Amino acid sequence: MKTNTATNTQFNYVYYKYKKESVNGEIIDRQDPNGFLFDENFHVTEIKREDLPKSFIYGIYEYGYGYLDSSAVKGLKYIHSTFSGFMENDVLLVSYSSEHPNPYDYDCLVKGGESLSFLQGVNRNSDLDVFPIYSQLCKYRADYVRNHPEDHSASYDLHIFIFGFPARYRKDERYKGNEKMMRYAYETELMKRDEIAFHRKQLQEWERTQF
């Protein structure tokens, strides 16, 4: 549970925007008429969207659209599915009590591509290292692109989605108001960095064969 020290308000780790109800045999999403959010058990709370700290990230979670706290996360586990498009049926398990969540012990589940927004929030708002999951995603994306060259749905830059642009790019006057140019410059830098790492690895392998 998270506490806002300014207002002494305590927050749960997740709030849902809608509550599912059956109307004439059809399941519908119902929003509270006063704009209050629902807790993880779908009881109406006294919390509205504007009451939540910025660390709560909007997305599609285990039981629907809602807001999940990215600042108090203790552990993450990414589960990859190979039976669909890139990230389409993947899930991110989130725990606020354990460093090693698993399918039988976790607090919330983030669906598909929504994981990127939540990982960005965790990277920005907590001390948890998200780089291991970023590395997993890079491997999954490389495998997917290699096996599905005709599908360009995975052609975006994961690094920018999760870690954002470095501060030096955001402060550079040349890129103000032009995110497209900023993205191009940063992606060019990352490509050069990868090339340098590749050639350095090749040199190290060659040196090992010589001595």
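For the structure I just gave you, tell me whether Val23 is of a type in the set (Val, Ile, Thr) and within 30 Å of Tyr140 (Cβ to Cβ).
no
Taking into account only those residues within the range 108-134 that are among the β-branched types (Val, Ile, Thr) and touching a helix residue (DSSP H, G or I) at 6+ places or on another chain (Cβ under 6 Å), which is nearest to Tyr61 (Cα to Cα)?
The initial filter retains those residues of the range 108-134 that are among the β-branched types (Val, Ile, Thr), namely 110, 122, 130, 133.
Narrowing further to those that are touching a helix residue (DSSP H, G or I) at 6+ places or on another chain (Cβ under 6 Å): 110, 130.
Working: Val110: 5, Val130: 19 Å.
Once the filter is applied, the top-ranked residue is Val110.
Which ones in the range 155-188 are assigned to a loop (DSSP other than H, G, I, E, B) and either touching a strand residue (DSSP E or B) at 6+ places or on another chain (Cβ under 7 Å) or at pLDDT below 70 (or both)? Steps first, please.
First pass over the range 155-188, keeping only residues assigned to a loop (DSSP other than H, G, I, E, B): 155-157, 164-166, 172, 176-178.
Once the filter is applied, which keeps residues that are assigned to a loop (DSSP other than H, G, I, E, B) and either touching a strand residue (DSSP E or B) at 6+ places or on another chain (Cβ under 7 Å) or at pLDDT below 70 (or both), the range 155-188 yields Ser155, Tyr156, Asp157, Phe165, Pro166.
How many residues are surrounded by 15 or more Cβ atoms within 10 Å (Cβ to Cβ) and touching a Phe, Trp or Tyr at 6+ places or on another chain (Cβ under 6 Å) if we restrict to the range 19-36? Give the steps one after another, and end with the answer.
Residues of the range 19-36 surrounded by 15 or more Cβ atoms within 10 Å (Cβ to Cβ): 19, 36.
The next check asks that each one be touching a Phe, Trp or Tyr at 6+ places or on another chain (Cβ under 6 Å); those that pass are 19.
So the answer is 1.
In the range 82-104, what residues are assigned to a loop (DSSP other than H, G, I, E, B) and closer than 13 Å to Ile162 by Cβ?
Our first condition is that a residue be assigned to a loop (DSSP other than H, G, I, E, B); within the range 82-104, this holds for 82-90, 96-101, 103-104.
Within the range 82-104, just Met87 meets the criteria.
How do the pairs read when you match residues in the range 10-29 that are assigned by TED's automatic domain parsing to the domain that holds Ser126 with residues anywhere that are exposed (fewer than 10 other Cβ atoms within 10 Å of the Cβ), using Cβ under 8 Å and keeping only pairs 6 or more apart or on different chains?
From residues that are assigned by TED's automatic domain parsing to the domain that holds Ser126, there are no pairs.
List pairs: first in the range 65-79 and in the same structural domain as Cys108 (by TED's automatic domain parsing), second acidic (Asp, Glu), Cβ under 8 Å, 6+ apart or cross-chain?
Lys74/Glu99; Gly75/Glu99; Tyr78/Asp90; Ile79/Asp90
Can you name the residue in the range 105-126 that is in a strand (DSSP E or B) and of a type in the set (A, V, I, L, M) and is also nearest to the chain's Cα centre (by Cα) among such residues?
If we take residues in the range 105-126 being in a strand (DSSP E or B) and of a type in the set (A, V, I, L, M), then Val110 is nearest to the chain's Cα centre (by Cα).
Taking the range 43-63 as the region of interest, how many residues are out of contact with any helix residue (DSSP H, G or I) (no Cβ under 9 Å at 6 or more places or on another chain) and surrounded by 15 or more Cβ atoms within 10 Å (Cβ to Cβ)?
Residues meeting the conditions: 6.
Tell me which of these Asp69 doesn't satisfy, since it passes every other one: (1) out of contact with any Phe, Trp or Tyr (no Cβ under 7 Å at 6 or more places or on another chain); (2) modelled with pLDDT of 95 or more; (3) charged (D, E, K, R).
Asp69 satisfies every listed condition except (1).
Test of understanding: among Glu88, Glu99, Glu62, which residue is under 27 Å from Gln10 (Cα atoms) and at pLDDT below 90?
Glu62
The values are calculated or read from the model by the stated rules, or taken from the named source; none is laboratory data. In this text the structure is predicted, and so the values were computed from the model without any measurement. Neighbour counts run over all protein chains shown; Cβ positions are idealised from the backbone, glycine included.
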